[in-house]
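Presented below is the structure to which this report refers.
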Amino acid sequence: MNGTVLEAVEGERVRIYATNRLPVPTSIHWHSFYLPNGMDGVAGLTQPYIRAGETAKYEWTLRQYGSLMFHSHHDEMTQMGMGLIGMFVVHPRNPSSDYRVDRDFSLMISEWSVKAGTARPNTLEMTDFNILTINGKVFPSTTPLVCKTGDRVRIRLGNLGAMDHHPMHIHGHHFRVTATDGEDIPLTAQWPETTVLVAVGQTRNIEFIADAPGDWAFHCHMTHHVMNQMGHEFPNMVGMKPAGLDEKIRPLLPAYMTHGFTGMDMGRMAEVMPYPPNTISMKGETGPFGDYISMGGLLTILKIRDGLARDDQDPGWYQHPPGTVALTASKADLARDGIDVNAPSATPASTAKGPSGVNPGPTTRDPHKRH
Ligand SMILES: [Cu+2]
């Protein structure tokens, strides 16, 4: 069910048959819905179990619209941990003119514990989740959010992971949070943001005008949530040169890999050292400049293009207009702006004033810094 989106219209009477193909009992809870208590789907509390092989019937009239969710409400740690979750979008019966958008995306966030080389989520895990997904996929397998320049865009975010809240961050744009848990926020109560926290059990709608062509990252801002296969078992080697260490340890631990002495440049690491079978790469893919995009997990790309057709086609990488990409500074640039990259960074000599008189800060390039 992980990437499933059910859709209906406010005022409709829905009848949903839930067939249990598990070897154990289950139930389905309709999360944030107004409904009769007996349709709420809490196994044992509001209904008998749906036992293995049985089909239950849920039926009620939708008295609301919004971004809502559904999930197993029996043995949640196991069944939700195995992915029995989904989004349920109810559209308004009489949408106001300002409700309409050109693009409407639904992204369900969840998290899994899948140890390297294994094929099944560890549902006993309580804190250490290592695979974080959008609609059941990690970047670069996540679906890009394709928009035409000028489109009004809605992104519906839901989080039915076990433990982690996700500050979802957009690049190059500001949005407004327009709805929480299936209720609209009045226009007068909305404010601009670039990051919205989507806590476990919440939905958030965000809206913005896609006015800047390009490939814009949209991702969780927690740094290990844009990586895969993270774990606690590894020592911190940053700043240390572990020459030959991996080769000595690998006869004892075949998959052993030091996490680098300058950082975890795992994309490149993957090229020289294969992963164990049934294991996802730690990070992304090679981008348009031939360099690796060092993010996986909770990342998708907002691809905005001029004059795009209505149907969602991945237009490939953005072709930047000449002169609009941050490239290596030329000697002439540096000389013109009085930048001496070899000067000690703490002395006044290295902190040349920019044209505006604002101190531009240390000029030494930090290869690990990213926005
Ligand atoms: Cu996160």
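Using the crude model of +1 on Lys and Arg Cβ and -1 on Asp and Glu Cβ, and no other charge, please compute the dipole size for the stretch 1-56 relative to its Cα centre, in debye to 20.
Details: 4 positive and 5 negative charges, 47 e Å.
Here the size comes out at about 220 debye.
Alpha carbon centre of the stretch 7-70 versus the stretch 112-149: separation in Å? Centre-to-centre (Cα) distance: 26 Å. Within straight-line reach of Lys303, meaning a Cα separation under 15 Å, sit the following aspartates and glutamates at least 8 residues removed in sequence or on another chain: Asp102, Asp104, Asp151, Asp211, Asp215, Asp311, Asp312, Asp314. Bridgeable aspartates and glutamates around Lys57 (alpha carbons under 17 Å apart, same-chain partners fewer than 8 residues away excluded): Glu12, Asp40.
Extents of the stretch 290-335, taken as max minus min of Cα coordinates on every principal axis and listed largest first, are 48, 30, 15 Å.
Subtracting the Cα-Cα distance of Ala309 and Val325 from their residue separation scaled by 0.36 nm leaves 3.2 nm. Amide H to amide H, with H built 1.01 Å from N, Gln47 comes under 5 Å of Val42, counting only residues 5 or more places away or on other chains.
Once the C-beta distance of Gln190 and Trp317 is scaled by a Förster radius of 35 Å, the resulting FRET efficiency is 0.60 to the nearest 0.05.
Hey, can you find the accessible area per residue of the stretch 155-236 for me, probe 1.4 Å, expressed in square angstrom? Intermediate results must be reported in sequence, preceding the final value.
Details: 3510 Å² over 82 residues.
Using a 1.4 Å probe on heavy atoms only, each residue of the stretch 155-236 averages 43 Å².
In terms of overall dimensions, the stretch 9-165 has a Cα radius of gyration and Dmax of 17.5, 51 angstrom.
Any number yet on Rg/Rh for the stretch 60-102, C-alpha, Kirkwood? Can you show the working numbers first?
Numbers: Rg = 14.7 Å, Rh = 12.6 Å.
Expressed as Rg/Rh, it is 1.17.
The values are calculated or read from the model by the stated rules, or taken from the named source; none is laboratory data. Here the structure is a predicted model, which means the values were calculated and not measured. Note: ideal-geometry Cβ built from the backbone for every residue, glycine included; neighbour counts use all protein chains shown. Surface accessibility is based on the protein's heavy atoms, side chains included, excluding ligands, DNA and RNA. Shrake-Rupley method; radii C 1.70, N 1.55, O 1.52, S 1.80 Å.
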